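K.L.:
Sharing a structure below in structure tokens format, with a few things to ask.
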Amino acid sequence: MSSTSPRPRSFWDDAVVYQLYVRSFADSDGDGVGDLGGVIGRLEHIAGLGADAIWLNPCYPSPQADHGYDIADYHGVNPEYGSLETFDRLVAEAHDRGLRILMDLVPNHCSDRHPWFAAALAAGPGSPERARFVFRDGRGDEPPNNWQSVFGGPAWTRVTEADGTPGQWYLHLFTREQPDFDWRNPQVLAYFDDVLRFWFDRGVDGFRIDVCHGLVKDAALRDWDPAEGSYNAYSWNRPEVHDIFRRWHALAAGYGPERDLLLVGEVWVPDPADLDRYLRPDELHQAFSFDLLVQPWEARALRAAIGRATARTAVHGAPAAWTLANHDVHRAVTRYGIVRPEPAPASNDAFAALMRPRGEVDADLGERRARAALLLVLALPGSVFLYQGEELGLPEVQDLPDEARQDPVFHRTGGREKGRDGCRVPLPWTADAPAFGFGTGTPWLPQPAWFARYAADVQEKDDKSTLHLYRRAVALRRARGLGRPGPVEWLETGEDAVLAFRRGALVCAVNTGSTPFTAPAAWGEVVLGSAAADGVPGDAAAWFVSEPDGE
């Protein structure tokens, strides 16, 4: 299958999207929790980076069992974060600055406080209310099957019926507070049609869709053979999910071309080629290229991942959605800075070891590599999603005290897996202010003292800081049209540790080794480098231009 006709240009063809974890971005009311007012107050920071859009992690009403990914009401805003009126103001002020707003859609599961689930518990076995979720009788005193939760432990919880007796079991691929919807039920389909319309009608420009690959389960709920690994093909990546995305694609298209609405999927699959089915012309507009995110700092591995993603774009016409960090993975500085790896603990999450590797970290080395990786990803065609705090070069906070940790991954595994709190610690804005300028209250996760040297105000004064590098790189990416559709022309370097490719008149070279690399004179002059040195030193990247006035 190949793309036979040109697709109209969309903003996501080459957008830079700033991923914003609301809870940890900025606190405007002093309660220690980030909020939409804090986002509004810091919009200039995002616009100043050169971003085109903001992706908000879930800000719906939620008991916060999984910090917003357990949603009690899909049509509102969590009171901790503000109100619908605050949200509308954020959309308006963002649009005034040329920033689009993407929301996080969480369709695999809701909160156990959602009115539907409360009704399901009250209604009892065999009821239409329970049919909206995956309720089943057990095998005696055992769950209906052997499926495991991604966050640790069984994927089933047994309820107590109205008469006080042990009753049916419900499925939750994540925490017990997150019951899975049954997407074979037409009421669920209709409900989410309404959710999408509700937010599109408020001016939202698209959705990042959580756990795209998990919505539909094996109809027979068959046991999964553990010998096959931790990626359960009966619970993930079922063929029926594609009917849902075709439905949503049509819904978004119904708003007309002037709205330019985006559906981008979080799709974790063992074989990157499996992404192809999600990117057919009538399904998702994009899916994240996690293949690049999980690669080691090796030229050959990085090149291969880029090649797989760009080949997919050539087939389907769907621009790649690149990212090197998000709210679920260790920060890039820490991942790239591991110098003595440690074995990963056993996990129900097939990708945990790749997303959150362990080992001794050299933060300075990691920051050099993360800066180089930024130039790599910003030179590629497609859109780029930047996670908050990466522009400050923040490492993962790995030494949070156990009593401060809130991630259910930590608690459900008995501390075996540290979880995701370390990349969610509230941002440092001002080195000498309380809570580093995050807000006036005590932050919901403790900030380490060493955050001071990464604070935004410190980096503003340093022309060589990571913050300034981000601004220059995004600006030059736009000026050179690097994100626009087009080929990635690989260049021979004669060095196994160095990869290089041409995008129009610009060459991006990345040195993953320790020996400096001297570029051919034909590549032109360095217009931006990740390191303050000539050429391409070890663990660095540079952009060369042979035509000073552009392509």
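What follows draws every value from the coordinates through simple rules; no lab data is involved. Just so it is clear, the structure is predicted and the values come from calculations on it, not from any experiment. Here the Cβ is made from the backbone with ideal geometry for all residues, glycine too, and neighbour counts use every protein chain on show.
K.L.:
Quickly work out the D193-to-R478 label distance, labels modelled 7 Å from Cα along the C-beta direction, and quote it in nm with one decimal.
P.N.:
Here the answer is 3.9 nm between the modelled labels.
K.L.:
What order do you get for 336-349, 51-64 when each peptide is scored by the mean count of other beta carbon atoms within 10 Å, highest first?
P.N.:
Descending packing order for the listed peptides: 51-64, 336-349.
K.L.:
Let me ask something else about it. Using alpha-carbon positions, what is the distance between the centroids of region 316-339 and region 117-137, in Å?
P.N.:
39
K.L.:
With a/c under 1.5 counting as rounded, go ahead and sort region 489-551 into rounded, prolate or oblate using the C-alpha gyration tensor (a ≥ b ≥ c being the square roots of the eigenvalues; past the cut-off, prolate if a/b is larger than b/c, else oblate).
P.N.:
Cα axes put region 489-551 in the oblate bin.
K.L.:
Return the distance in nm (one decimal) between the two label points of a simple spin-label model at D362 and D282, each offset 7 Å from Cα along Cα→Cβ.
P.N.:
Output for this residue pair reads 5.4 nm.
K.L.:
A122 versus A301, label points 7 Å from Cα toward the beta carbon: distance in nm?
P.N.:
5.3
K.L.:
Quote to one decimal, in nm, the extra length available between D457 and A131 on full extension: 0.36 nm per residue of separation minus the C-alpha distance between them.
P.N.:
Fully extending the segment from D457 to A131 adds 112.0 nm.
K.L.:
For region 355-377 and region 509-533, compute the distance between their C-alpha centroids and round to whole Å.
P.N.:
18
K.L.:
Now for a separate question. Taking 0.36 nm per residue of separation and subtracting the Cα-Cα distance, what length does fully extending T165 through A344 add?
P.N.:
60.4 nm
K.L.:
Same structure again: Using the beta-carbon distance between D496 and W450 and R0 = 30 Å, what value does 1/(1 + (r/R0)^6) give for FRET efficiency, to the nearest 0.05?
P.N.:
E between D496 and W450, to the nearest 0.05, is 0.30.
K.L.:
If I take every Cα pair under 8 Å that is 6 or more residues apart in the chain, average their sequence separation and divide by the length, what percent do I get for the relative contact order?
P.N.:
Here the relative contact order equals 14 percent.
K.L.:
Could you calculate the contour length gain from R184 to S546, that is, 0.36 nm times the residue separation minus the distance between their Cα atoms, to one decimal place in nm?
P.N.:
Here the answer is 124.7 nm.
K.L.:
Among 388-401, 134-147, how do they line up by average Cβ neighbours within 10 Å per residue, starting with the highest?
P.N.:
My ranking of the peptides, most packed first, is 388-401, 134-147.
K.L.:
Something else: Taking amide H positions as placed 1.01 Å from N in the peptide plane, with prolines and chain starts having none, which residues 5 or more places from R503, or on another chain, fall under 5 Å of its amide H?
P.N.:
Amide H neighbours of R503: C508.
K.L.:
Set the Förster distance to 25 Å, then compute FRET efficiency between E403 and H75 from the Cβ-Cβ distance, nearest 0.05.
P.N.:
The computed FRET efficiency comes out at 0.10.
K.L.:
Is the shape of region 115-256 best called rounded, prolate or oblate, per the rule: a/c under 1.5 gives rounded, else a/b larger than b/c gives prolate, else oblate, with a ≥ b ≥ c the square roots of the Cα gyration tensor eigenvalues?
P.N.:
Oblate shape, in that a/c is at least 1.5 and b/c is the bigger or equal ratio.
K.L.:
What number, in percent, do you get for the relative contact order of region 115-171 if the mean sequence gap of Cα pairs under 8 Å and at least 6 apart is divided by its residue count?
P.N.:
So the answer I get is 30 percent.
K.L.:
Turning to a different aspect of this structure: Is the C-alpha gyration tensor of the chain telling us rounded, prolate or oblate? Criteria: a/c under 1.5 is rounded; beyond that, a/b larger than b/c is prolate, otherwise oblate.
P.N.:
Taking the square roots of the gyration eigenvalues as a ≥ b ≥ c, the chain is prolate.
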